[in-house]
1. State the number of residues belonging to the stretch 230-257 that are farther than 19 Å from residue 15 by Cβ and either aromatic (Phe, Trp, Tyr) or assigned to a strand (DSSP E or B) (or both).
2. Of everything in the stretch 42-51 that's touching a helix residue (DSSP H, G or I) at 6+ places or on another chain (Cβ under 8 Å) and surrounded by 16 or more Cβ atoms within 10 Å (Cβ to Cβ), which residue is farthest from residue 104 (Cα to Cα)?
3. Residue 57 is checked against (1) in a loop (DSSP other than H, G, I, E, B); (2) surrounded by fewer than 18 Cβ atoms within 10 Å (Cβ to Cβ); (3) of a type in the set (Phe, Trp, Tyr) and fails just one. What number does that condition carry?
4. I'd like to check which strands (runs of 3 or more DSSP E) are fully inside the stretch 157-204 and have at least 2 residues that are in contact (Cβ under 8 Å) with a residue 60 or more places away in the chain and under 18 Å from residue 76 (Cβ atoms).
5. With the stretch 1-46 as the region, which strands (runs of 3 or more DSSP E) entirely inside it contain at least 3 residues that are of a type in the set (D, E, K, R)?
6. I'd like the full set of residues that are within 18 Å of residue 242 (Cβ to Cβ) and of a type in the set (Asp, Glu), limited to the stretch 131-185.
7. Quick test for you: out of 194, 102, pick the one residue that is closer than 17 Å to residue 265 by Cα and open to solvent by less than 10 Å² (accessible area, probe 1.4 Å).
8. Pick from 130, 117: which is touching a residue at least 12 places away in the same chain (Cβ under 8 Å), among the small types (Gly, Ala, Ser) and closer than 13 Å to residue 58 by Cα?
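The values are calculated or read from the model by the stated rules, or taken from the named source; none is laboratory data. All of these numbers come straight from a predicted model, not from anything done at the bench. With ideal geometry, Cβ positions are generated from the backbone for all residues, glycine too; neighbour counts draw on all protein chains shown. Please note that ligands, DNA and RNA were not included when accessible areas were found on the heavy atoms of the full protein model with its side chains. Shrake-Rupley method; radii C 1.70, N 1.55, O 1.52, S 1.80 Å.
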Amino acid sequence: MAGWNESQLRKYNIKLEKIPTLQYDDPKVDSLLSNNKPVLIKGSKLVSQVLKWDLDYLTEHMNSICCNVLVSKNHKFKYYDQKKITPNMTFKPISRPSPMIFSEFAKKIKDWKKGDSRLYMQQVLNNSISQRIVSDFVMFNWDWIMSKQKTCKWGSLTSNLLLIAQEGNVTPCHYDEQQNMFACIRGYKRFILFPPSEFECLYPHPVHHPYDRQSQVDFDNPDYIKFPKFKKACGYEVIVGPEDVLYIPMYWFHHVESLMHGGCTVSVNFWFKAGSVEKIEYPLLDHQKMVIMRNVEKMLAEALHDPNEVGNMLNTIVLGRYTSDTNQ
Ligand SMILES: O=C(O)CCC(=O)C(=O)O
Ligand SMILES: [Fe+2]
């Protein structure tokens with residue numbers, strides 16, 4: 001029996017298909033991973049030894065550790081890059097970091113009532129967290145995950161982020177530049193993924209914007225005048241529960257929600273660098289084209305010494321020259 005039902009999902013007007021679910025030892029897992037295709041993997045036991053990581057256990061063992069907590073006035077936690085905020089920019093994020101010790105975070109979410117700001121802890125796991133948490137952490141099924149890294153020729157593991165969310169919290173649609181094996185420990189999360197080929201329908205912010213890599217479209221209230229192609233966006237969805245591992249291929253857009261009325265969720269991700277490409281084949285893959293677009297934007301902003309001039313120059317290059325039937 002599933003531990004969730006449809007009424008716990010937020011409602012969006014997006015066409016959705018299902019992400020395949022496979023047992024960890026199904027040979028199709030490796031071919032999906034190697035081809036940058038998402039898959040929900042069951043039975044890997046990646047985090048089976050830490051299913052005890054609930055708020056009480058973590059409070060006991062992380063009590064006075066200072067943690068990276070995000071606070072939001074609504075249910076959305078849209079990441080931004082502090083380094084990309086410039087003095088002449090009017091940038092008012094609705095969610096922002098508010099570091100606090102673990103016990104304070106746990107108390108705040110236990111005492112939470114409607115109308116309060118929401119909280120979301122997103123803390124990198126490292127040796128300084130606490131002896132007990134580190135000894136739990138070494139009990140992850142490292143053999144399995146490292147064998148996947150090897151088979152798929154990914155680069156090194158860069159970090160593990162421990163995510164503790166209140167029910168109903170949403171991480172809005174964005175992409176990351178790393179391979180991600182996302183493991184749920186407690187509660188259920190719904191993922192909506194879009195392949196890199198949906199780039200045009202999702203309108204990510206410019207690369208030099210603090211919201212780089214994030215879609216500009218507000219899924220709760222899409223502005224179809226500004227973002228008309230969002231109507232055509234096609235995504236893939238899956239519900240990820242305790243012990244499940246979801247592979248999120250690099251450059252795939254993802255929206256994540258902790259199910260409403262499902263209690264808080266505890267999860268941990270495994271981010272790996274991209275592997276080095278042995279032989280470039282043409283035509284290029286969609287995510288490789290995203291890398292080129294990012295580089296073009298970065299190069300123009302640097303050459304012009306002003307990110308605000310990038311759009312004008314791109315328009316000058318394109319409009320009437322590469323648009324509609326003028327390029328014959
Ligand atoms: O679980 C979430 O809320 C966001 C996770 C995410 O974006 C990631 O692991 O890359
Ligand atoms: Fe992400």
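1. Looking only at the stretch 230-257, we keep the residues that are farther than 19 Å from residue 15 by Cβ, and these are 240-251.
Subset that is either aromatic (Phe, Trp, Tyr) or assigned to a strand (DSSP E or B) (or both): 240, 245-248, 251.
Here the count works out to 6.
2. 44
3. Residue 57 satisfies all of (1) in a loop (DSSP other than H, G, I, E, B); (2) surrounded by fewer than 18 Cβ atoms within 10 Å (Cβ to Cβ); (3) of a type in the set (Phe, Trp, Tyr) except (1).
4. Working: elements: 157-165, 170-174, 179-186, 189-194.
Result: 157-165, 170-174, 189-194.
5. Numbers: elements: 15-18, 21-23, 39-42.
Once the strands (runs of 3 or more DSSP E) in the stretch 1-46 are filtered for at least 3 residues that are of a type in the set (D, E, K, R), what remains is 15-18.
6. Those that are within 18 Å of residue 242 (Cβ to Cβ) and of a type in the set (Asp, Glu): 136, 167.
7. Working: 194 fails: closer than 17 Å to residue 265 by Cα.
Only one candidate qualifies: 102.
8. Numbers: 117 fails: closer than 13 Å to residue 58 by Cα.
Going through 130, 117 in turn, the sole match is 130.
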